[in-house]
1. If you check Gly163, Gly159, Gly175, which single one turns out to be part of a strand (DSSP E or B), open to solvent by less than 30 Å² (accessible area, probe 1.4 Å) and of a type outside the set (D, E, K, R)?
2. For region 62-83, give me each residue that is in a loop (DSSP other than H, G, I, E, B) and in contact (Cβ under 8 Å) with a residue 40 or more places away in the chain.
3. Of the residues that sit in region 77-100 and are within 23 Å of the chain's Cα centre (by Cα) and not aliphatic (A, V, I, L, M), which one is surrounded by the most Cβ atoms within 10 Å (Cβ to Cβ)?
4. Within the set of pairs 6 or more residues apart or between chains, which connect a residue that is part of a helix (DSSP H, G or I) and more than 7 Å from the ligand (Cβ to nearest atom) inside region 307-334 to a residue that is of a type outside the set (Asp, Glu) and open to solvent by 30 Å² or more (accessible area, probe 1.4 Å) with Cβ atoms less than 6 Å apart?
5. If I ask for residues that are farther than 18 Å from Thr326 by Cα, within 15 Å of the ligand (Cβ to nearest atom) and either open to solvent by 10 Å² or more (accessible area, probe 1.4 Å) or without any contact (Cβ under 8 Å) to a residue 40 or more places away in the chain (or both), which ones from region 139-156 would you list?
6. Which members of region 182-226 meet the condition of being within 13 Å of the ligand (Cβ to nearest atom), part of a helix (DSSP H, G or I) and not acidic (Asp, Glu)?
7. Can you find a residue that is part of a helix (DSSP H, G or I), aromatic (Phe, Trp, Tyr) and open to solvent by 10 Å² or more (accessible area, probe 1.4 Å) anywhere in region 113-127?
8. Surrounded by fewer than 16 Cβ atoms within 10 Å (Cβ to Cβ) and either on the phi > 0 side of the Ramachandran plot or modelled with pLDDT under 95 (or both): is that true of Gly327 in this structure?
Amino acid sequence: MTTNHQVRLAARPVGMIKRSDWQFTEEAVPEPKDGELLVKVQYLSLDPAMRGWMNDARSYIRPVAIGEVMRAGGAGKVIASKHPKFKEGDIVTGAFGVQEYAVSDGKGVHKVDTRLVPLTTYLGTLGMPGMTAYFGLLEVGKPKEGQTVVISGAAGAVGSVAGQIAKIKGCRVVGIAGGAAKCRMVVDELGFDACIDYKAEDVKAALKQHCPNGIDVYFDNVGGEILDACLARLAMHARIVICGAISQYNATGGMKGPANYMSLLVNRASMTGMVVFDYAERYGEAAREMAHWIAAGRLKAKEDVVKGGIDTFPETLLMLFEGTNTGKLVLGLE
Ligand SMILES: NC(=O)c1ccc[n+]([C@@H]2O[C@H](COP(=O)([O-])OP(=O)(O)OC[C@H]3O[C@@H](n4cnc5c(N)ncnc54)[C@H](OP(=O)(O)O)[C@@H]3O)[C@@H](O)[C@H]2O)c1
């Protein structure tokens, strides 16, 4: 008997997630029935959104139930199939959950080609975070050549891609990230024009220096004080993309909202929320264009692969909230 190790939600966290919020279970690897496939999960996608799915609150997706295997995107190999579209040996991505083996009916499972990019890139730049960056920036931010684009969470999965796409579109791009090393990487490796270290610099003063004509597009991954600082520096008709607010996800006293919102009125600006799943029908189009950019050396896919195994899932997930990941955080299960 082969054992499937799983991580289930044991309790709804208060503030930062604790190890005791998880339950570790094991069961026999199931046999796929007719119309199903069995996947050996090789990599798990760790995402800030997981923190929201643990709350019992209305959102764009239902909360994970207590006792349920934690929801997670993953990538792996089909090891048995009774599904007409998949065969043993296929390499696939899908919502497999935090477990080593997953049975699936094939919905939302995609075959991927690992000859050109590593499998982990399908969880990052060519996966959900890359799609978020692509559609959030281009469809909601609508940057024009020569405009100034500011991206928070600039060294992360979404931010690193959004900033590089803005550069490809001919914008001046200013990142915001935590720490000198991340800021150096964002400028030297990813080609941003500047990067503000929000842990060491006065963000408002730095935005004034780097965005002398104001901000045309602000791609917000963090919310909180950084959102407020950007609101105070908007150009006329600016667009703010509300992609995420990671600085607020573990808040115990309620979320801190923007105080400087009257800047939207003064500058005839807009602030729009986006959810990547709304663009699901167009993922193929975005993946094709981004794959071309990767092949041409114009887009660098950055992944932070932790080869820790499933037992380290709780601690590895916390890297997102501690800022110790650079690029897409992935947990290797083998
Ligand atoms: N709307 C959508 O459909 C959608 C889809 C995917 C992701 N998102 C959102 O996009 C954002 C980025 O996600 P990701 O997957 O790319 O994660 P990520 O940026 O790779 O990782 C999270 C990063 O957030 C930063 N961070 C953590 N705590 C912070 C704080 N208190 N203040 C400022 N920065 C903080 C850290 O970087 P530093 O070291 O720079 O602090 C950390 O590395 C998240 O808000 C996520 O919820 C939204």
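1. Of the residues listed, the single one that is part of a strand (DSSP E or B), open to solvent by less than 30 Å² (accessible area, probe 1.4 Å) and of a type outside the set (D, E, K, R) is Gly175.
2. First pass over region 62-83, keeping only residues in a loop (DSSP other than H, G, I, E, B): 62-68, 70-73, 82-83.
Answer for region 62-83, where residues must be in a loop (DSSP other than H, G, I, E, B) and in contact (Cβ under 8 Å) with a residue 40 or more places away in the chain: Val64, Ala65, Ile66, Gly67, Glu68, Met70, Gly73, Lys82, His83.
3. Step one: list which residues in region 77-100 are within 23 Å of the chain's Cα centre (by Cα), which gives 77, 91-100.
Subsequent filtering for residues that are not aliphatic (A, V, I, L, M) retains 77, 93-94, 96-97, 99-100.
Details: Lys77: 16, Thr93: 23, Gly94: 19, Phe96: 28, Gly97: 21, Gln99: 26, Glu100: 23.
It comes out as Phe96.
4. Ile310/His5; Pro314/Arg19; Thr316/Val306; Thr316/Gly308
5. Scanning region 139-156 gives Glu139, Val140.
6. Listed by number, the residues that qualify are Lys182, Cys183, Arg184, Met185, Val186, Val203, Gly224, Ile226.
7. Yes, region 113-127 contains a residue that is part of a helix (DSSP H, G or I), aromatic (Phe, Trp, Tyr) and open to solvent by 10 Å² or more (accessible area, probe 1.4 Å).
8. On the way: surrounded by fewer than 16 Cβ atoms within 10 Å (Cβ to Cβ): no; either on the phi > 0 side of the Ramachandran plot or modelled with pLDDT under 95 (or both): yes.
In short, no.
The values are calculated or read from the model by the stated rules, or taken from the named source; none is laboratory data. The shown structure was predicted, so the numbers you read here are calculated from the model rather than taken from an experiment. No Cβ is skipped: glycine too gets one built from the backbone with ideal geometry, and neighbour counts run over all protein chains shown. When the accessible area is computed, the model is the full protein with side chains, heavy atoms only, and any ligands, DNA or RNA have been set aside. Shrake-Rupley method; radii C 1.70, N 1.55, O 1.52, S 1.80 Å.
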